[in-house]
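Below you'll find the structure, written out as structure tokens, and then a few comments.
The values are calculated or read from the model by the stated rules, or taken from the named source; none is laboratory data. This one's a predicted model, so the numbers in the text were calculated from it and none came from an experiment. No Cβ is skipped: glycine too gets one built from the backbone with ideal geometry, and neighbour counts run over all protein chains shown. Note: accessible area is taken over every heavy atom of the protein model, side chains too, but ligands, DNA and RNA are not part of it. Shrake-Rupley method; radii C 1.70, N 1.55, O 1.52, S 1.80 Å.
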Amino acid sequence: MLKVFLVEDEVVMRNGIKNNIPWESEGFQFAGEASDGELAYPLIKKEKPDILITDIRMPFMDGLELSRIVKKELPQIKIIILSGYNEFDYAKTAINIGVTDYLLKPISSAKLLEAVKNVAAMIEKEQEHTRMLERYQKEMEENLQLEKHKLWSALASNQLSTAELLEKGQKLGMDFTASSYLVFLFKIMQSGDATACTKEIVELSDKVTKKAGIWEKVLAFDRSPDGWAFLIKGQSSRDVDQTLEECREQLHELIQGSPNVEYFGGIGGIVHRLGDIRNSYLEAAKAFAGRFFSEPNRLIRCEEIPGLHAADDEKIDVSKVRSKKSDQELVEKFLKSGTLEEVDSFLEEYFLNVGNENYQSLLYRQYIVMDLYFSCTDFLRGMDMDVDALPEECRDINVIVANAVSAELVREHISRLFSATMNLRDSHSRKKYSALLEEAKTFIRENYQREDMSLNTVAAQVNISPSYFSAIFSGEMGQTFVEYLTSVRLEKAKELLMCSSMRTAEIGYEVGYKDSHYFSYIFKKVVGCSPKEYKNRGKE
């Protein structure tokens, strides 16, 4: 029920309005009364009525002054002023304040009730519009996440000025204002298979996203399929470190109940300018690449990666080098789930583990280079990809051996080999995405009538995480999943409007909108006219 509050200094008038109108049976709650504005104000703040009826002339605080301060406190409230004075200045002031209706005394109970009902209809219409807008914004949440993803890419590559970053952040509800910053990269993975997307991973990812959403001093960015980037901010380095520790504890607590899930995090250094966030990111990325060499379920800084700071003169003989099998497993793991940006960090750690003493041997360098070459070509063949698609300098074994004459040439050549291999991997994946997207589009076209059709529903159908599916879909289709689903539904709705005798509500239900009001709202927002207006076009 809508709540009504009455302010009237004349006792007879006040009692008449209160007692002669059957408020409850008419669908209203009489929330309170007062004899003047001064007494009424604290009661109105407490009760928060939907409609305020007030006399204009009262002792201590008149109706106009009360209306002014109430509108400031409760801008959504509707005010009906009662006045015995038919003066233009009063009405003009009331309009400027935002009063909804201005009624002259004397007024009958029936006339006042009619005015209240008109105001109630206005409120209900506004509330319905608000509900429609909130539902629409919720459905468009996917767009917001994609914009945040773009913002993170620009932030990590230092493409925006401080002013641009603050402005874009404000539009997305992200406040970058702080004195200290730290980048923290984090990912959860299925034990034994870092590329798997199981129901457990999807559900846990959703929990991590929700948990990050309530962290007061953390801005969270989804990097699917590479996990999250958390930008921790604070007023001091100590403040940032404290927040980081709280994040560590909460993430560990969240994941420890999932025995089949592993996690890993890379932590960057603290910086004090927005323009230096990239530096923290690069450190975090280097540490994050350590997941291929470290035990899982760790959050580490780059200086904590095993072997990263081994002394140049450290003696490491062949017997202490990893076995060929473990080397191959390590490289395959990286080729499967690593990124192009991580190639140099991975190879730096890989060659450090080879050992400087062994690395001085030409024979051993040739062995290492050939082993890495065959690991790459075996990986490509395992994914049914043509090894001949590699650049000639990366597929000719003679060139591979010839480039082993110095440590520098080895690193340079293997970096190109890995990058070329991973580019082919990504190209192959995009082709795979084409089939996946066709499956998704077919599923949408065959099931668009379902009210529960959502990003999660379709992502589950094609067996990848919702956030990753969203990124793939929008990247390949040029529109978000929700925009595509809406276009499919509305195209069918247009067809039914022009070629059937079905009512608007029936058409909305037929194309997946069980709420006819929301169907009309979406139709007008997207098409530019109401369903009825669209149907009448065909009759003109």
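Taken about its Cα centre, the range 367-455 carries a charge dipole of roughly 200 debye when the Cβ of each Lys and Arg holds +1 and the Cβ of each Asp and Glu holds -1.
With only the Cα atoms considered, the range 454-507 has a convex hull volume of 88 Å³ per residue.
Only Lys, Arg, Asp and Glu carry charge here, each on its Cβ (+1 for the first two, -1 for the last two); on that basis the chain has a dipole of about 1400 debye about its Cα centre. Taking all protein chains into account, the per residue accessible area for the chain stands at 51 Å² (1.4 Å probe).
For the range 472-521, give the percent of accessible area contributed by carbon and sulfur heavy atoms, probe 1.4 Å, rounded to a whole number.
Within the range 472-521, the accessible surface is 47 percent carbon and sulfur.
Residues whose amide H falls under 5 Å from that of residue 263, counting only those 5 or more places apart or on a different chain, are 189, 297, 298, with hydrogens built in the peptide plane.
Across the options 201, 112, 34, the greatest Cα extent toward the positive end of the charge dipole of the chain (unit charges at beta carbon of Lys, Arg, Asp, Glu) belongs to 112. In the chain, the longest principal axis of the Cα atoms and the axis of helix 277-288 are about 50 degrees apart. Principal-axis analysis of the Cα atoms of the chain puts helix 481-499 at an angle of about 50° to the longest axis.
Mean separation of Cα pairs under 8 Å and 6 or more residues apart, divided by the residue count, gives the range 325-457 a relative contact order of 28 percent. When the Cα atoms of the range 84-223 are aligned to their principal axes, the ranges along those axes come out at 81, 39, 22 Å in descending order. How big is the Rg/Rh ratio for the chain, C-alpha atoms only, Rh by Kirkwood, two decimals? Across the chain, the Cα-based Rg/Rh ratio is 1.14. Here is the tail figure for the range 165-295: Cα pairs spaced more than 27 Å apart come to 18 percent of all pairs. Give me the base-10 log of I(q)/I(0) for the range 345-476 at each q in 0.14, 0.15, 0.16 Å⁻¹, Debye formula, one uniform scatterer per Cα, rounded to two decimals. Those come out to -0.72, -0.77, -0.82, one per q.
With contacts taken as Cα pairs under 8 Å and at least 6 residues apart, the chain reaches a relative contact order of 9 percent.
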